[in-house]
Amino acid sequence: MEPTRDYPLFGGTFSATLPPGAIDVSDLRPVPDNQEVFCHRMTDQSLIVELLELQAHVQGEEAARYHFEDVGGVQEARVVHVEAVQPLLLENLALRGCCQEAWILSGKQQVAKYVTLHQALLRLPQYQTDLLLTFNQPPPENRSSPGPENLSLPPWSLGDFEQLVTSLTLHDPNIFGPQ
């Protein structure tokens, strides 16, 4: 799959730019209805877009930490370590019209081995939704070695993740139900 500005997500209610080599995991196995999951063709990297219930009891930076720790709990991580949390500028987001706050978090979680996670949390309170985007980056030793067939498809970068986050566009708010 080549990068596209309008890759449809959630049946076309959203779209986003995906990085080169993204494979839609739902073509390989079942994926929950509230998730869109993509994996890199040559590495163990993955991208996840999730529609979650708004966690109104946490605000600001603590909301980003809450979702990071929740993912660690679901994955039964032995270690969950937040390295940095920063606000995202709303004017850089395609969703700026309906997103009231946005955060980017980087951290590590130890499941079998340490994995670096980058998460973006886009809060849409008018839709009672927290939109969580996750970029899973396994350690370099877990990635496929670059043979001749892999040289044209480098691993994804933080820039690729940022492009996904900033390009995410809502086309049909009916996905959230009656407002």
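The values are calculated or read from the model by the stated rules, or taken from the named source; none is laboratory data. All figures in this text were calculated on a predicted structure; none of them were measured in a lab. Here Cβ is always computed from backbone atoms with ideal geometry, including for glycine, and neighbour counts include all displayed protein chains. When the accessible area is computed, the model is the full protein with side chains, heavy atoms only, and any ligands, DNA or RNA have been set aside. Shrake-Rupley method; radii C 1.70, N 1.55, O 1.52, S 1.80 Å.
Of all residues in segment 95-102, none are over 25 Å from I175 (Cα atoms), in contact with a strand residue (DSSP E or B) (Cβ under 9 Å, 6 or more places away or on another chain), without any contact (Cβ under 8 Å) to a residue 60 or more places away in the chain and surrounded by 16 or more Cβ atoms within 10 Å (Cβ to Cβ). Scanning segment 72-95 for residues that are over 21 Å from A112 (Cα atoms) and not in a loop (DSSP other than H, G, I, E, B) yields A84, V85, Q86, P87, L90, E91, N92.
Is it the case, given these coordinates, that T13 is open to solvent by less than 30 Å² (accessible area, probe 1.4 Å), hydroxyl-bearing (S, T, Y), within 18 Å of G159 (Cα to Cα) and touching a residue at least 24 places away in the same chain (Cβ under 8 Å)?
Numbers: open to solvent by less than 30 Å² (accessible area, probe 1.4 Å): yes; hydroxyl-bearing (S, T, Y): yes; within 18 Å of G159 (Cα to Cα): no; touching a residue at least 24 places away in the same chain (Cβ under 8 Å): yes.
No; evaluated as a whole, the condition is false for this residue.
Figure legend. Inter-residue proximity from segment 104-118: first residues of a type in the set (D, E, K, R), second residues in a strand (DSSP E or B) and open to solvent by 20 Å² or more (accessible area, probe 1.4 Å), beta-carbon distance below 9 Å, spacing 6+ or different chains. Indicated pairs: K108/V79; K108/V80; K108/H81; K108/V82; K108/E83; K108/Y114; K108/V115; K108/T116.
Residues checked against (1) more than 23 Å from Q137 (Cβ to Cβ); (2) outside any strand (DSSP E or B); (3) of a type outside the set (A, V, I, L, M):
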| residue | (1), (2), (3) |
| --- | --- |
| D33 | yes, yes, yes |
| L47 | no, no, no |
| L51 | no, no, no |
| A56 | yes, yes, no |
| R65 | no, yes, yes |
| D70 | no, yes, yes |
| G97 | yes, yes, yes |
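Looking at segment 33-45, which of the residues that are surrounded by fewer than 19 Cβ atoms within 10 Å (Cβ to Cβ) and either of a type in the set (S, T, N, Q) or closer than 17 Å to G177 by Cα (or both) is nearest to the chain's Cα centre (by Cα)? Filtering first and then ranking leaves Q35.
Would you call P30 over 25 Å from L124 (Cα atoms) and either buried (at least 19 other Cβ atoms within 10 Å of the Cβ) or touching a residue at least 12 places away in the same chain (Cβ under 8 Å) (or both)?
Working: over 25 Å from L124 (Cα atoms): yes; either buried (at least 19 other Cβ atoms within 10 Å of the Cβ) or touching a residue at least 12 places away in the same chain (Cβ under 8 Å) (or both): no.
Here the answer is no, as P30 does not meet what is asked.
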